[in-house]
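Engineer: Quick one: the structure is below, questions incoming.
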Amino acid sequence: MNSKSLQSHPLLTGTLLLTIAGLISRIIGFFYRIFLSQTIGAEGVGIYQLIFPLYALTFSLTVSGIQTAISRFTAQAVAASDNTGIPQKNTGLCNDRCYLTAGLILSLFLSFLCTIFLYHFAEPLAISFLDEPRCKVLLEILSLTIPFGAIHACINGYYYGLKKTFVPATSQLIEQIVRVGCVFVLYQICLEQHKTVTVSIAVWGLVAGEIGSVLYSISFLGRGKSSGNRLLGLKQIFLMSTPLCANRVLVNLLQSVEATMIPGQLKHYGYSVSEALSVYGVLTGMAMPMVLFPSVITNSVSVMLLPVIAEAQEKKEQHYIRNAVRKTCFYCLVLGFTCTFAFLLLGKWMGRVLFANELAGTFIVTLGWMCPFLYLSTTLSSVLNGLGKTTITFLLNIIGLAIRIASVIWGIPLFGIKAYLWGTLISQIVMAISSIAILGKKG
């Protein structure tokens, strides 16, 4: 069996496991969003969605770059051990568990600082940044998820690096099941006690889901030892994750600005506060999740591509990397155009029947055009990160965000939410074509 076959096996099986878990998780999440839309209404969904840019920002600050670094260095440690036949613990270098330990130390330190900051400044952030005072309580509850999310992400990164996806895949399901179960129980309690059902029950579901997934993931770590030069491992994780974290913080900060500006710009177009939040809720809480549903496949491929490409680069297998890129492009385009056709054909029906909202159907049809380009840019960004080209992916993300923010600032006040939909499509086209061109130049 040749090297290519050996490497394809973990990529395919890992992708399959993550895809199955992701599909089940998204099916649960799909019905969960219908439940939320009927329970707290479109405006409530809009308020709930407002906190997610800050949620993503805290994730990018505390763990996103660290998770990528853990995955990459773990894959390289395994590859180096395979090449030399000498376990890393006997070389003085870090073994795979050493990188996990180093990543957890850094991530937990940052996450506790972030938790304190978000809880303490919840009110000014809600009023000044999100322009919605009702988000104060939601941000206070959300702050409790940060340390648990950091631990969960680090453990996932470790298993991605080993190309063992059972734990990340099943922990994703556990998180979703616990989240939905918690919210449903809280909803029933509110009904029995004749209390008003508020948006906060959905945020408590996030907390419960993260705690459940962390307890589950930790139970699989076993008694493996962290060996080798621990300070070296900490330094390597820090040096790689710092620019990644900085890049993703900036990207997520811009995404947060983009998201929080949309309701305000819709008010300039002529909507009331309630109407603007409702449109925002329909877009981000109903239409966008539906269009992103098939991306569970490409997301799974992306997660597995990074360590596989990093390992292939360590072994100097350029032919395998080129072949992986070609196949990735082909299958992403096939999936993307299939989904575009499906959304064009069924989008209106989905909005009307599944969400009981005609506007959601209109959004689904328009956003459906971006599927091929979205799936391409997602997977090719993972290839670039696996090759260590993190600066390039950062610049591409900034270009895409600049296009979308421009559509928010100048497009929405003149043409309404349609301007943002088309801005999103153009940004994905530019990012996908740019990624193809860059990888094409590299071989």
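The values are calculated or read from the model by the stated rules, or taken from the named source; none is laboratory data. Given the structure is predicted, the values throughout are model-derived calculations rather than measurements. Glycine gets a Cβ as well: all are built from the backbone with ideal geometry, and neighbour counts include every protein chain shown. Remember, those area values only see protein heavy atoms, side chains included, never the ligands or the DNA or RNA. Shrake-Rupley method; radii C 1.70, N 1.55, O 1.52, S 1.80 Å.
Engineer: Of PHE363, PHE341, which residue is buried (at least 23 other Cβ atoms within 10 Å of the Cβ), among the aromatic types (Phe, Trp, Tyr), at pLDDT 85 or above and out of contact with any Lys or Arg (no Cβ under 9 Å at 6 or more places or on another chain)? If you could, list the steps in order and put the result at the bottom.
Structural biologist: Numbers: PHE341 fails: buried (at least 23 other Cβ atoms within 10 Å of the Cβ).
Exactly one residue qualifies, and that residue is PHE363.
Engineer: So, GLY411, is that one modelled with pLDDT of 90 or more and either in a helix (DSSP H, G or I) or within 20 Å of PRO243 (Cβ to Cβ) (or both) or not?
Structural biologist: Numbers: modelled with pLDDT of 90 or more: yes; either in a helix (DSSP H, G or I) or within 20 Å of PRO243 (Cβ to Cβ) (or both): yes.
Here the answer is yes, as GLY411 does meet what is asked.
Engineer: Somewhere in the range 269-282, is a residue within 21 Å of PHE31 (Cβ to Cβ) and either of a type in the set (A, V, I, L, M) or open to solvent by less than 20 Å² (accessible area, probe 1.4 Å) (or both)?
Structural biologist: Yes.
Engineer: Looking only at residues in the range 379-388 that are over 21 Å from GLU258 (Cβ atoms) and among the small types (Gly, Ala, Ser), which one is surrounded by the fewest Cβ atoms within 10 Å (Cβ to Cβ)? Give the steps one after another, and end with the answer.
Structural biologist: Applying the first criterion (over 21 Å from GLU258 (Cβ atoms)) to the range 379-388 yields 379-380, 382-388.
Within this subset, residues satisfying the condition of being among the small types (Gly, Ala, Ser) are 382, 386, 388.
Working: SER382: 24, GLY386: 26, GLY388: 13.
Per the criteria, the residue is GLY388.
Engineer: Right, another one. Would you please list the contacts, defined by Cβ atoms under 8 Å and residues six or more apart or on different chains, that run from a residue in the range 111-140 that is without any contact (Cβ under 8 Å) to a residue 40 or more places away in the chain to a residue that is outside any helix (DSSP H, G or I)?
Structural biologist: What qualifies is ALA126/GLU132.
Engineer: Consider PRO307 against the criteria (1) open to solvent by less than 20 Å² (accessible area, probe 1.4 Å); (2) at pLDDT 80 or above; (3) closer than 30 Å to ILE105 by Cβ: it satisfies all of them except one. Which criterion is unmet?
Structural biologist: Tallying (1) open to solvent by less than 20 Å² (accessible area, probe 1.4 Å); (2) at pLDDT 80 or above; (3) closer than 30 Å to ILE105 by Cβ, PRO307 fails exactly one: (2).
Engineer: Which one of these does LYS327 not meet: (1) within 25 Å of THR19 (Cα to Cα); (2) touching a Phe, Trp or Tyr at 6+ places or on another chain (Cβ under 8 Å); (3) not hydroxyl-bearing (Ser, Thr, Tyr)?
Structural biologist: (2)
Engineer: Now a separate question. What are the residue pairs meeting all of these: first residue in the range 287-300, first residue among the polar types (S, T, N, Q), second residue open to solvent by 50 Å² or more (accessible area, probe 1.4 Å) and not in a helix (DSSP H, G or I), Cβ atoms under 7 Å, and 6 or more apart or on different chains?
Structural biologist: none
Engineer: Same structure again: Conditions first: (1) part of a loop (DSSP other than H, G, I, E, B); (2) modelled with pLDDT of 95 or more. LEU221 passes all but one, so which condition is the exception?
Structural biologist: (2)
Engineer: Please determine whether any residue of the range 189-200 is open to solvent by 50 Å² or more (accessible area, probe 1.4 Å) and on the phi > 0 side of the Ramachandran plot. Spell out the reasoning first.
Structural biologist: Taking the range 189-200 and keeping what is open to solvent by 50 Å² or more (accessible area, probe 1.4 Å), we get 189, 191-196, 198.
Going one step further and asking which of them are on the phi > 0 side of the Ramachandran plot, we end up with 194.
Yes - at least one qualifying residue is present in the range 189-200.
Yes or no, residue by residue, for (1) open to solvent by 20 Å² or more (accessible area, probe 1.4 Å); (2) aliphatic (A, V, I, L, M):
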| position | (1), (2) |
| --- | --- |
| LEU23 | yes, yes |
| GLY29 | no, no |
| TYR32 | no, no |
| GLN67 | yes, no |
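Engineer: LYS136 - would you say it is part of a loop (DSSP other than H, G, I, E, B) and either open to solvent by 20 Å² or more (accessible area, probe 1.4 Å) or not β-branched (Val, Ile, Thr) (or both)? Reasoning before the result, please.
Structural biologist: Values: part of a loop (DSSP other than H, G, I, E, B): no; either open to solvent by 20 Å² or more (accessible area, probe 1.4 Å) or not β-branched (Val, Ile, Thr) (or both): yes.
It is false that LYS136 is part of a loop (DSSP other than H, G, I, E, B) and either open to solvent by 20 Å² or more (accessible area, probe 1.4 Å) or not β-branched (Val, Ile, Thr) (or both).
Engineer: Out of the residues in the range 389-424 that are open to solvent by 40 Å² or more (accessible area, probe 1.4 Å) and within 20 Å of the chain's Cα centre (by Cα), state the one that is nearest to ILE438 (Cα to Cα).
Structural biologist: Only one residue tops the list, namely ILE392.
Engineer: What's the number of the condition ALA79 fails, among (1) open to solvent by less than 20 Å² (accessible area, probe 1.4 Å); (2) more than 27 Å from CYS182 (Cβ to Cβ); (3) at pLDDT 80 or above?
Structural biologist: Tallying (1) open to solvent by less than 20 Å² (accessible area, probe 1.4 Å); (2) more than 27 Å from CYS182 (Cβ to Cβ); (3) at pLDDT 80 or above, ALA79 fails exactly one: (3).
Engineer: Let me confirm something: among THR84, THR115, which residue is surrounded by fewer than 24 Cβ atoms within 10 Å (Cβ to Cβ) and at pLDDT 95 or above? So that I can check it myself, show each step before the final result.
Structural biologist: On the way: THR84 fails: at pLDDT 95 or above.
None of the other options fit; the residue is THR115.
Engineer: Got a sec? Which helices (runs of 4 or more DSSP H) wholly within the range 226-329 have at least 3 residues that are of a type in the set (Val, Ile, Thr)? Steps first, answer last, please.
Structural biologist: Working: elements: 230-269, 273-282, 288-292, 295-314.
Here the list reads 230-269, 273-282, 295-314.
Engineer: Tell me which of these GLU210 doesn't satisfy, since it passes every other one: (1) assigned to a helix (DSSP H, G or I); (2) open to solvent by 60 Å² or more (accessible area, probe 1.4 Å); (3) of a type in the set (D, E, K, R).
Structural biologist: All conditions pass for GLU210, except number (2).
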